[in-house]
Amino acid sequence: MARTLLEQAFPAPWLDAVFAQHRGRQYERTLLFSTVVELMMRVAVGLQPSLHAAARQAEPLPVSLTALYDKLKRTDPDLLGALVRASAERLGPVLPALGPSPVRLPGYAIRILDGNHLPASQKRLKALRG
């Protein structure tokens, strides 16, 4: 059901149109941007444990797994930002229909912790730390 919902919310022609409008220096030859996004969505919603598993289970990819990972690695952050903005515009009217968001844990404040703010630990020998 999650896969069907995602396919309706983010159809391949729409994803490819967003790519064409905001691609910058990126190009499409054999591997379409919509294919990469579809595989990543399967991983994000938990339908597949990894991109490798999603690629193996998907229809035969027109490229190798190495090419898929290279395409993903070289995806421009500006393109991803444009995809998020376009998705918000596309799905914005759906949110009011869902009603008010439920309180996740009544009486508790929810905090999201990210390990990136932790200071780096010194792994060098004390004499070499300067």
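The values are calculated or read from the model by the stated rules, or taken from the named source; none is laboratory data. For clarity, every value in this text was computed on a predicted model and none was experimentally measured. Reconstructed Cβ throughout: ideal geometry from the backbone, glycine too, with neighbour counts over all protein chains shown. Just so you know, the surface numbers come from the protein's heavy atoms only, side chains and all, with ligands and any DNA or RNA stripped out. Shrake-Rupley method; radii C 1.70, N 1.55, O 1.52, S 1.80 Å.
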Open item on the list: When you check Val63 against the structure, is it of a type in the set (Val, Ile, Thr), in contact with a helix residue (DSSP H, G or I) (Cβ under 7 Å, 6 or more places away or on another chain) and more than 18 Å from Gly81 (Cβ to Cβ), yes or no?
Closed with: no
Open item on the list: Could you list, ordered by first residue, the pairs with Cβ atoms under 9 Å in which the first is in segment 5-34 and closer than 17 Å to Leu72 by Cβ and among the hydrophobic types (A, V, I, L, M, F, W, C) and the second is open to solvent by 90 Å² or more (accessible area, probe 1.4 Å) and not in a helix (DSSP H, G or I), at least 6 apart or interchain?
Closed with: Phe33/Arg23
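Results for (1) modelled with pLDDT under 65; (2) loosely packed, with under 10 Cβ neighbours inside 10 Å; (3) farther than 30 Å from Leu31 by Cα, shown as yes or no for each residue.
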site	(1), (2), (3)
Asp78	no, no, no
Ala82	no, no, no
Ala88	no, no, no
Ala97	no, yes, yes
Pro100	no, yes, yes
Arg111	no, yes, yes
His117	yes, yes, yes
Ala120	yes, yes, yes
Leu125	no, yes, yes
Task: Selection status of Ala58, of a type in the set (A, V, I, L, M) and at pLDDT below 85 - done: yes
Task: Among (1) surrounded by 14 or more Cβ atoms within 10 Å (Cβ to Cβ); (2) in contact (Cβ under 8 Å) with a residue 24 or more places away in the chain - the single one Pro62 does not satisfy - done: (1)
